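Undergrad: Let me give you the structure first, and then I'll get to my questions.
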Amino acid sequence: MTVEKVHLGIDLGTSSLKVVAVGPDGAVCASARCEYPTDRPEPLAAEQDPQDWWNALTATLAEVAAAVPPAAWSGIGLSAMLPTLVALDAAGAPTGPAITWEDGRAEPEAGWLRDAIGDDQLYQLTGQRVDGRYLAPMHRRLDRLGHGGVLAAAAKDVLFAQLTGELLTDPSTAAGTGVFDLDRHTWDPDLIVAADVPGLPPVAPSTTVAPLAAPWTSVLGITGEVPVVLGAADSVLGAFGIGARTHGDVAVIAGTSAVVLGISDHAVRDPHSRYLITPLTGTGWGLEMDVLAVGSAFGGIAGLLGLSGPAELLDAAATVPLGRTPVFLPYLTPGEQGALWDPELTGTLHGLDLSMGAGHVGRALLTGVVVELRRAVAIAEAATGRRGPVLLGGGAATSPLLWQDLADATGREVLVDRADRDHSAIGAAVFAAETLGHRITHAPQLHRVTPRPGQADWWARAADRHDALRIALGGINL
């Protein structure tokens, strides 16, 4: 059966590339995903081969094309993980592996930039807390090693170039460099000099459109023109895809990490620099806090315990009552960029005894993650002055235990999308449709989870225990 005016969304994620096709009724009518590895050749390293991305892109587009003929494709929107660096040479080819946002090796270079400019001045200019996971410090490290090339690009920048032949970035992706002027929506020349970045892609609106390049139309058998929309960062389009659109909305998109994004009409700097400020696709701003280890933490601990994956770990956790577990500080990446901002934090399990098993460890890890999500949601609420439900989505948000814990911990209703998980890809597709004048209505089928009476006090005490351990181990006392 032919489907008219299908729009594709592509999300280049941390562990896989996802493609969805969204029909005119807003429903996902086809989807595909393809995983790729992350290499960790030394401590703190996290590298990927861009060729693995393009292999995954070829495979997923072919799979979607088998379900929905390319003749029905009316447009493609893009989303990608951020910050992830691809250093390019003069011919536009990568100088080596992509350095993903999980990589913490550029912290010395970030410290140098912070010392040169000042933490507060950097935050006021960029809306960001710049650490070693930003593109400018990442590139400075590569340059020092002789692999910097002539241009620092982000993952979505090279995805757009791969599909269209044009290398551009959008404001939300540019924010992840650490040298983007938030208010003027352009590169800051003084920061570029201080960071010693040789070249950056031009900044264009998220609504920028270019045609799908001939190599792709040939491979896919497309005879007409398919427009590709530049799009935005995965955090921005993930919130967009689950329905967070107006001032005060709060979205939690749980994947390899978890993004907490509060929607704000104003780019209000936080006096304590606890959230980042990310430009949205049009007007408005995302007050962003990224809890770094979520899906990755559950997957890693499940493997460590000999379990098949996160689902088995969370099933075991569901058998263990609250309060009968160790305390788990879930900073397994390491570091944190949620409401806390501390690259020195590491994962800690405290209070384990021989009566405990895998379920106790899983329950403790979930509790630690929810404590950090609770902290971030409360700060977004204070910044926007609005208290509504939490919109929950993403590939790691499959457990009803997480849904209920988040509702109990925040004291707010949680609206979870049980049908779809690829919200950044969905957001990219819907945004592309709107950009191209093919407005469609995507209304996620949200399941409502209500906080249980009497649980908020327990979670407040759990947060106190969590913070006491973190501070005792040398963490920052906010």
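The values are calculated or read from the model by the stated rules, or taken from the named source; none is laboratory data. Computed from a prediction, not measured in an experiment: that's the story for all the values here. Backbone-built Cβ (ideal geometry, glycine too); neighbour counts: all protein chains shown. Each accessible area value is taken on the protein alone, full model and side chains, heavy atoms only, with ligands, DNA and RNA left out. Shrake-Rupley method; radii C 1.70, N 1.55, O 1.52, S 1.80 Å.
Undergrad: Wholly within the stretch 81-166, which helices (runs of 4 or more DSSP H) include no fewer than the required count, namely at least 3 residues that are in contact (Cβ under 8 Å) with a residue 60 or more places away in the chain and under 17 Å from residue 187 (Cα atoms)? Please lay out each step first, then the result.
TA: Values: elements: 107-117, 119-126, 135-144, 155-164.
Hits in the stretch 81-166: 119-126.
Undergrad: Has the stretch 328-339 got any residue that is within 25 Å of residue 458 (Cβ to Cβ), more than 25 Å from the chain's Cα centre (by Cα) and open to solvent by 30 Å² or more (accessible area, probe 1.4 Å)? Outline the logic, then answer.
TA: Residues of the stretch 328-339 within 25 Å of residue 458 (Cβ to Cβ): 328-332, 336, 338-339.
Now restrict to residues that are more than 25 Å from the chain's Cα centre (by Cα): none.
The answer is no, given that none of the residues of the stretch 328-339 is within 25 Å of residue 458 (Cβ to Cβ), more than 25 Å from the chain's Cα centre (by Cα) and open to solvent by 30 Å² or more (accessible area, probe 1.4 Å).
Undergrad: State yes or no: is residue 416 part of a strand (DSSP E or B) and either farther than 19 Å from residue 319 by Cα or at pLDDT 95 or above (or both)?
TA: Yes, satisfied.
Undergrad: While we're here: Within the stretch 33-47, identify whether any single residue is at pLDDT below 95, charged (D, E, K, R) and under 18 Å from residue 428 (Cα atoms), and answer yes or no.
TA: no
Undergrad: Same structure, new question: Quick one: count up the residues across the stretch 7-34 that are under 29 Å from residue 333 (Cα atoms) and in a loop (DSSP other than H, G, I, E, B).
TA: Qualifying residue count, the stretch 7-34: 3.
Undergrad: In the list 397, 428, 407, 433, which residue meets the criterion of being open to solvent by less than 10 Å² (accessible area, probe 1.4 Å), modelled with pLDDT under 95 and outside any strand (DSSP E or B)? Quick ask: steps written out before the conclusion?
TA: Numbers: 428 fails: modelled with pLDDT under 95; 407 fails: modelled with pLDDT under 95; 433 fails: modelled with pLDDT under 95.
Of 397, 428, 407, 433, the one residue that is open to solvent by less than 10 Å² (accessible area, probe 1.4 Å), modelled with pLDDT under 95 and outside any strand (DSSP E or B) is 397.
Undergrad: While we're here: It is to be established whether one or more residues within the stretch 162-175 are buried (at least 24 other Cβ atoms within 10 Å of the Cβ), aliphatic (A, V, I, L, M), in contact with a Leu (Cβ under 9 Å, 6 or more places away or on another chain) and modelled with pLDDT of 95 or more.
TA: Looking through the stretch 162-175, at least one residue is buried (at least 24 other Cβ atoms within 10 Å of the Cβ), aliphatic (A, V, I, L, M), in contact with a Leu (Cβ under 9 Å, 6 or more places away or on another chain) and modelled with pLDDT of 95 or more.
Undergrad: Here is a follow-up. Within the stretch 275-313, track down each residue that is within 25 Å of residue 181 (Cα to Cα), not in a loop (DSSP other than H, G, I, E, B) and not aliphatic (A, V, I, L, M).
TA: Quick first cut of the stretch 275-313, residues within 25 Å of residue 181 (Cα to Cα) only: 275-292.
With not in a loop (DSSP other than H, G, I, E, B) added as a condition, the list becomes 276-279, 285-291.
Scanning the stretch 275-313 gives 278, 279, 285, 286, 288, 290.
Undergrad: Now for a different question. Pairs needed: first member in the stretch 452-476, part of a loop (DSSP other than H, G, I, E, B); second member anywhere, among the β-branched types (Val, Ile, Thr) and crowded, with 16+ Cβ neighbours inside 10 Å; C-beta distance under 7 Å; at least 6 residues apart or different chains.
TA: Within 7 Å, the pairs are 473/348.
Undergrad: Is there a residue being hydrophobic (A, V, I, L, M, F, W, C), surrounded by fewer than 23 Cβ atoms within 10 Å (Cβ to Cβ), more than 25 Å from residue 103 (Cα to Cα) and out of contact with any Gly (no Cβ under 9 Å at 6 or more places or on another chain) anywhere in the stretch 117-128?
TA: No, every residue in the stretch 117-128 fails to be hydrophobic (A, V, I, L, M, F, W, C), surrounded by fewer than 23 Cβ atoms within 10 Å (Cβ to Cβ), more than 25 Å from residue 103 (Cα to Cα) and out of contact with any Gly (no Cβ under 9 Å at 6 or more places or on another chain).
Undergrad: Scan the stretch 35-46 for residues that are in contact with a helix residue (DSSP H, G or I) (Cβ under 9 Å, 6 or more places away or on another chain) and either crowded, with 18+ Cβ neighbours inside 10 Å or assigned to a loop (DSSP other than H, G, I, E, B) (or both) and report the count. Steps first, answer last, please.
TA: Of the stretch 35-46, the ones in contact with a helix residue (DSSP H, G or I) (Cβ under 9 Å, 6 or more places away or on another chain) are 35-37, 44.
Those still in the list that are either crowded, with 18+ Cβ neighbours inside 10 Å or assigned to a loop (DSSP other than H, G, I, E, B) (or both) too: 36-37, 44.
Within the stretch 35-46, residues that are in contact with a helix residue (DSSP H, G or I) (Cβ under 9 Å, 6 or more places away or on another chain) and either crowded, with 18+ Cβ neighbours inside 10 Å or assigned to a loop (DSSP other than H, G, I, E, B) (or both) number 3.
Undergrad: Can you find even one residue in the stretch 167-179 that is of a type outside the set (A, V, I, L, M), more than 24 Å from the chain's Cα centre (by Cα) and either under 16 Å from residue 135 (Cβ atoms) or not in a helix (DSSP H, G or I) (or both)?
TA: Within the stretch 167-179, the first condition is being of a type outside the set (A, V, I, L, M), and the residues that meet it are 169-173, 176-178.
This time we only want the ones that are more than 24 Å from the chain's Cα centre (by Cα), so: none.
Taking every residue of the stretch 167-179 in turn, none turns out to be of a type outside the set (A, V, I, L, M), more than 24 Å from the chain's Cα centre (by Cα) and either under 16 Å from residue 135 (Cβ atoms) or not in a helix (DSSP H, G or I) (or both).
Undergrad: Here is a further query. Could you check the stretch 205-244 and list, in sequence order, the residues that are over 29 Å from residue 392 (Cβ atoms), among the β-branched types (Val, Ile, Thr) and in contact with a strand residue (DSSP E or B) (Cβ under 9 Å, 6 or more places away or on another chain)?
TA: Within the stretch 205-244, 208, 209, 217, 222, 226, 228 qualify.
Undergrad: Would you point out which residue out of 98, 93 is under 30 Å from residue 221 (Cβ atoms) and more than 19 Å from the chain's Cα centre (by Cα)?
TA: Step by step, each of 98, 93 is checked, and only 93 is under 30 Å from residue 221 (Cβ atoms) and more than 19 Å from the chain's Cα centre (by Cα).
Undergrad: Looking at the stretch 60-80, which of the residues that are among the polar types (S, T, N, Q) and out of contact with any Ser or Thr (no Cβ under 7 Å at 6 or more places or on another chain) is least open to solvent (accessible area, probe 1.4 Å)?
TA: Start the filter on the stretch 60-80 by keeping residues that are among the polar types (S, T, N, Q), which leaves 60, 74, 79.
With the extra rule that they be out of contact with any Ser or Thr (no Cβ under 7 Å at 6 or more places or on another chain), the set shrinks to 60, 74.
On the way: 60: 1, 74: 24 Å².
Out of the qualifying residues, it is 60.
Undergrad: Name the one entry in 391, 366, 352, 373 that is touching a residue at least 24 places away in the same chain (Cβ under 8 Å), within 29 Å of residue 264 (Cα to Cα), outside any helix (DSSP H, G or I) and of a type in the set (A, V, I, L, M, F, W, C). Walk me through how you get there before you give the answer.
TA: On the way: 366 fails: outside any helix (DSSP H, G or I); 352 fails: within 29 Å of residue 264 (Cα to Cα); 373 fails: outside any helix (DSSP H, G or I).
Going through 391, 366, 352, 373 in turn, just one is touching a residue at least 24 places away in the same chain (Cβ under 8 Å), within 29 Å of residue 264 (Cα to Cα), outside any helix (DSSP H, G or I) and of a type in the set (A, V, I, L, M, F, W, C): 391.
Undergrad: Quick one: is residue 342 acidic (Asp, Glu), open to solvent by 10 Å² or more (accessible area, probe 1.4 Å) and modelled with pLDDT of 95 or more?
TA: Details: acidic (Asp, Glu): yes; open to solvent by 10 Å² or more (accessible area, probe 1.4 Å): yes; modelled with pLDDT of 95 or more: no.
No.
Undergrad: Sort out which residues of the stretch 284-323 are among the polar types (S, T, N, Q) and in contact (Cβ under 8 Å) with a residue 24 or more places away in the chain, and write them in order of number.
TA: Result: 296, 319.
Undergrad: While we're on this one: Looking at the stretch 196-227 only, could you name the residues that are closer than 22 Å to residue 180 by Cβ, among the hydroxyl-bearing types (Ser, Thr, Tyr) and open to solvent by less than 40 Å² (accessible area, probe 1.4 Å)?
TA: 206, 208
Undergrad: Among the residues of the stretch 180-195 satisfying the criterion of being open to solvent by 40 Å² or more (accessible area, probe 1.4 Å) and part of a loop (DSSP other than H, G, I, E, B), which is nearest to residue 16 (Cα to Cα)?
TA: 185
Undergrad: Just the residues that are part of a loop (DSSP other than H, G, I, E, B) and among the small types (Gly, Ala, Ser), please, taken from the stretch 244-273.
TA: Looking only at the stretch 244-273, we keep the residues that are part of a loop (DSSP other than H, G, I, E, B), and these are 244-249, 255-257, 265-273.
Result: 244, 248, 255, 257, 267, 273.
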